[in-house]
1. Conditions: (1) free of Cβ contacts under 8 Å to residues at least 60 places away in the same chain; (2) assigned to a helix (DSSP H, G or I); (3) over 15 Å from SER114 (Cα atoms). GLU219 meets all but one. Number of the miss?
2. When ASP14 is evaluated against the numbered criteria (1) at pLDDT below 95; (2) in a loop (DSSP other than H, G, I, E, B); (3) open to solvent by 10 Å² or more (accessible area, probe 1.4 Å), which criterion, by number, is the only one it fails?
3. Is there any pair with a first residue in segment 232-252 that is under 19 Å from ALA218 (Cα atoms) and a second that is assigned to a helix (DSSP H, G or I) and acidic (Asp, Glu) whose Cβ atoms are under 7 Å apart and which are 6 or more apart or on different chains, and what are they?
4. Among the residues in segment 62-74, are any under 13 Å from LEU8 (Cβ atoms) and not in a loop (DSSP other than H, G, I, E, B)?
5. Looking at ARG81, ARG66, ARG105, ARG100, which one is modelled with pLDDT of 95 or more, basic (Lys, Arg) and buried (at least 23 other Cβ atoms within 10 Å of the Cβ)?
6. Residues being more than 30 Å from GLY230 (Cβ to Cβ), assigned to a helix (DSSP H, G or I) and among the charged types (D, E, K, R): count how many of those fall in segment 155-208.
7. Those residues that are within 12 Å of the chain's Cα centre (by Cα) and either open to solvent by 20 Å² or more (accessible area, probe 1.4 Å) or of a type in the set (A, V, I, L, M, F, W, C) (or both), I need them from segment 108-121; list them, please.
8. Pick from segment 227-263 the residues that are of a type in the set (Lys, Arg) and under 18 Å from ALA108 (Cα atoms): which of them is least open to solvent (accessible area, probe 1.4 Å)?
Amino acid sequence: MTAPVLTLRRGEGDPVFCLPPGTGLGWQYTQLTRHIPGDAPVHAIQSPYLTGEREVSTDLGELVRRYADLIEATAPGRDYRLVGWSFGGNVAIAVAAELRVRGHRVPAVVMLDSAAEVPREYLERAALITPAAAALLSLGIAVPPAEFDSLSITDATARVRATETFMSTFDVDTIEAVIYGSAWSLEVMTHAKYPVFDGDVLFVRAAGAEAGAQVLSAEAVRQWEPFVGGELRVIEVEAVHVQMLDRTVVDAYGPELERELNR
């Protein structure tokens, strides 16, 4: 579970690589395999924090080169199709550009509800609260306002284990890695300078309405246009951001995902 690259499915065709979301957890992409062409191996890259690192550069360029190296080492000499949810989409489009610079074909890039810019309210809040509190809020776990400026990593880990979320059964080290990694990914996004990917991109926008859920607007999606040299094709799904890898939501956009990855 803490390997740099997880193989979610084996196959003989050109691979699909899933780039890690803010949690850093690659296995969250498991539901996608049902809508990925049958002969394609599916690999999920995981955050450096999941593999035990604690001092990781927040420079997007360094991260992109690291992930491109992992992709080449895992499946050398192939065409690469990339998928990323949330922060993973931000990384996916940048990794795609790096792979093209290295001479590889990247026939498909799919971004699942990824914001080109960190919302201003996130930045304002992050400046006032501890990294542990910011990480829990980004994971959808409530933090009382009185604890915003005092919540520690140790207390945050205990809070996660007391929830009914998928992370509640994780060991302490893994939960800490997710918390550290979530705070780190926000820092990477804050300072990111994106290269231009010269191909097409399929963008799946979470357009559902739910009380308290922040929805990425159609205008916000267009902020990706300067970084897409080909066509930026946008489809919508009735879901909120945190549901994008849930089985029923994946099934809703799955046919479009499969068509894109069959290119």
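The values are calculated or read from the model by the stated rules, or taken from the named source; none is laboratory data. Keep in mind that what you see is a predicted model, and the values were worked out from it rather than measured. Using ideal geometry, Cβ is built from the backbone for each residue, glycine included, and neighbour counts are taken over all protein chains shown. The accessibility values were calculated without ligands, DNA or RNA, using every heavy atom of the protein model including side chains. Shrake-Rupley method; radii C 1.70, N 1.55, O 1.52, S 1.80 Å.
1. The failed condition is (3).
2. It is condition (1) that ASP14 fails.
3. Close Cβ pairs (under 7 Å, with a partner that is assigned to a helix (DSSP H, G or I) and acidic (Asp, Glu)) amount to LEU232/GLU225; ILE235/GLU256.
4. Yes, segment 62-74 contains at least one residue that is under 13 Å from LEU8 (Cβ atoms) and not in a loop (DSSP other than H, G, I, E, B).
5. Step by step, each of ARG81, ARG66, ARG105, ARG100 is checked, and only ARG81 is modelled with pLDDT of 95 or more, basic (Lys, Arg) and buried (at least 23 other Cβ atoms within 10 Å of the Cβ).
6. 5
7. VAL110, MET111, LEU112, ALA115
8. Pass one, segment 227-263, residues of a type in the set (Lys, Arg): 233, 247, 259, 263.
Imposing the further condition that a residue be under 18 Å from ALA108 (Cα atoms) reduces the set to 233, 259, 263.
Details: ARG233: 70, ARG259: 140, ARG263: 118 Å².
Looking at residues that are of a type in the set (Lys, Arg) and under 18 Å from ALA108 (Cα atoms), I get ARG233.
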